[in-house]
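The values are calculated or read from the model by the stated rules, or taken from the named source; none is laboratory data. Values in this document were obtained by computation on a predicted structure and should not be read as measured data. Here Cβ is always computed from backbone atoms with ideal geometry, including for glycine, and neighbour counts include all displayed protein chains.
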Amino acid sequence: MQDPSPIAIELELKKLELQALLEITDAINENASEAHLYKMFRFTLRTNRHIEKLALYVLDEQWNCKEAFGTAQEYKTLALPADILTQETDILLAEISEISHFAEFQYLLPVKHKSAILAYIFLSFKQLDTLAVTVREALLDFIRSLTNIIIVAIENKKLVRKQQQQEQLKAQLELARNVQTLLFPKKLPYNEKIKIVADYLPHQTVGGDYYDYIPANQDKFLLCIADVSGKGIPAALLMSNFQAALRILVRQHLSLKKIVHELNYLVLQNTQGESFITAFFMEYDAKIKQLLYINAGHNPPLLFSNNQNFHSLKEGTTILGSFKELPFLQLTELNQIDNFFLFSFTDGLTETTNPQNEEFGVARLEEFLTAHRHIDQKEIHKKLIATLDVFKGENSYIDDITLLSCGVKN
């Protein structure tokens with residue numbers, strides 16, 4: 001009996017190839033897993049009587065061998081040689097120097113989608129010398145087409161997954177932003193005796209900025225500004241717990257020192273030291289004209305009191321949530337303070353940069369406030385934000401910015 005002619009072999013191959021492509025297309029349409037698609041790829045080519053050995057390398061974050069059969073080496077543990085990554089067309093591997101273990105293969109086939117190389121196929125045929133050129137070329141075309149279909153389908157699945165993850169992240173960020181917005185007080189006093197103004201400039205991601213005004217009684221109130229490390233849902237939830245605890249502690253009429261101690265314990269218990277909060281707390285009693293404050297690792301607010309120059313409020317302790325017992329916890333007491341203006345902020349303000357990569361900095365802020373502290377308090381905020389916009393130029397804000405000021409007249 002005579003061997004089949006090359007034409008008969010080619011026709012039989014075309015029939016088998018068409019059947020294989022239809023089966024893989026059905027699997028793709030049925031949303032088969034990546035593992036199943038690779039398994040079909042392996043089965044389809046391994047059962048081909050002309051293919052002796054094969055290794056398929058695919059680019060994820062790096063080049064990895066996804067499938068291999070018939071080989072002497074374990075290619076799933078081998079990285080691609082640098083010489084391979086320069087090849088963009090089919091080539092006989094004998095023409096490439098320094099390919100080490102890959103010398104057991106005959107062919108290298110780069111698989112492209114548009115202009116991007118998605119995969120490299122290492123391939124050897126059985127009895128290459130007796131294999132008709134037309135049959136060999138048909139097989140190479142089929143292997144390339146099969147690989148392209150499967151890799152593109154897998155890339156599309158990855159893209160869909162990435163889009164779903166981005167949608168989930170977007171929903172989480174929106175939820176975190178809503179939580180953060182709910183933490184801010186709905187109404188702040190603005191009258192002849194006390195004026196409190198706040199502005200929150202959100203960044204693209206959700207940060208952990210927070211501010212609060214909590215009346216303790218008719219004469220006394222607490223003011224707080226804080227910034228939690230981290231972003232998104234974890235930061236929003238931590239700050240939510242912080243706000244709830246702060247308000248409860250204030251209503252229990254605890255001392256400011258005790259309040260800060262309890263908040264540090266809460267943050268440490270909730271985060272186990274993996275996150276922290278910087279915060280500034282100020283308590284003012286109009287009846288006895290006394291201002292108390294503790295700075296817990298926060299940007300020092302600026303205080304203008306009794307028509308004197310500004311005073312930087314630095315004293316207090318370190319960040320909340322890093323130590324079981326706060327080191328050198330210090331309460332600062334300022335007496336006979338009946339007229340003052342206090343301006344506090346988060347670090348997004350002073351760390352804003354201009355096109356020359358210079359930070360806005362504390363010195364510029366001090367200069368601005370010194371020049372404008374006698375104008376309407378709301379106008380101070382508007383002018384500062386406008387000044388900051390001009391300063392940053394084409395640059396974007398790198399973090400959330402919170403501005404919180406308090407003016408008191410007795």
>> When you check residue 325 against the structure, is it farther than 28 Å from residue 385 by Cα, modelled with pLDDT under 95 and of a type in the set (D, E, K, R), yes or no?
In response: yes
> assigned by TED's automatic domain parsing to the domain that holds residue 282, at pLDDT 90 or above and within 28 Å of residue 168 (Cβ to Cβ), is that true of residue 267?
Replying inline: yes
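From the list 243, 252, 308, which one is in the same structural domain as residue 374 (by TED's automatic domain parsing), over 29 Å from residue 373 (Cα atoms) and surrounded by fewer than 16 Cβ atoms within 10 Å (Cβ to Cβ)? Break it down into steps so the answer makes sense when it comes.
Values: 243 fails: surrounded by fewer than 16 Cβ atoms within 10 Å (Cβ to Cβ); 308 fails: over 29 Å from residue 373 (Cα atoms).
Being in the same structural domain as residue 374 (by TED's automatic domain parsing), over 29 Å from residue 373 (Cα atoms) and surrounded by fewer than 16 Cβ atoms within 10 Å (Cβ to Cβ) holds for just one of 243, 252, 308, which is 252.
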>> Is it the case, given these coordinates, that residue 335 is at negative phi and either in the same structural domain as residue 366 (by TED's automatic domain parsing) or touching a Lys or Arg at 6+ places or on another chain (Cβ under 9 Å) (or both)?
In response: yes
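Please determine whether any residue of the stretch 302-315 is in contact with an Asp or Glu (Cβ under 7 Å, 6 or more places away or on another chain) and within 26 Å of residue 200 (Cα to Cα).
Yes, the stretch 302-315 has at least one match.
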> What about residue 229, is it surrounded by fewer than 19 Cβ atoms within 10 Å (Cβ to Cβ), hydroxyl-bearing (Ser, Thr, Tyr), touching a residue at least 12 places away in the same chain (Cβ under 8 Å) and closer than 21 Å to residue 317 by Cβ?
Replying inline: yes
> Taking the stated definitions as given, is residue 39 charged (D, E, K, R) and assigned to a strand (DSSP E or B)?
Replying inline: no
> How about the stretch 311-337: which of its residues are acidic (Asp, Glu) and surrounded by 13 or more Cβ atoms within 10 Å (Cβ to Cβ)?
Replying inline: 315
> Restricting attention to the stretch 182-201, does a residue exist that is closer than 30 Å to residue 284 by Cα, modelled with pLDDT of 85 or more, surrounded by fewer than 18 Cβ atoms within 10 Å (Cβ to Cβ) and among the small types (Gly, Ala, Ser)?
Replying inline: no
> Which one is surrounded by the fewest Cβ atoms within 10 Å (Cβ to Cβ) among residues in the stretch 358-395 that are without any contact (Cβ under 8 Å) to a residue 40 or more places away in the chain and outside any helix (DSSP H, G or I)?
Replying inline: 394
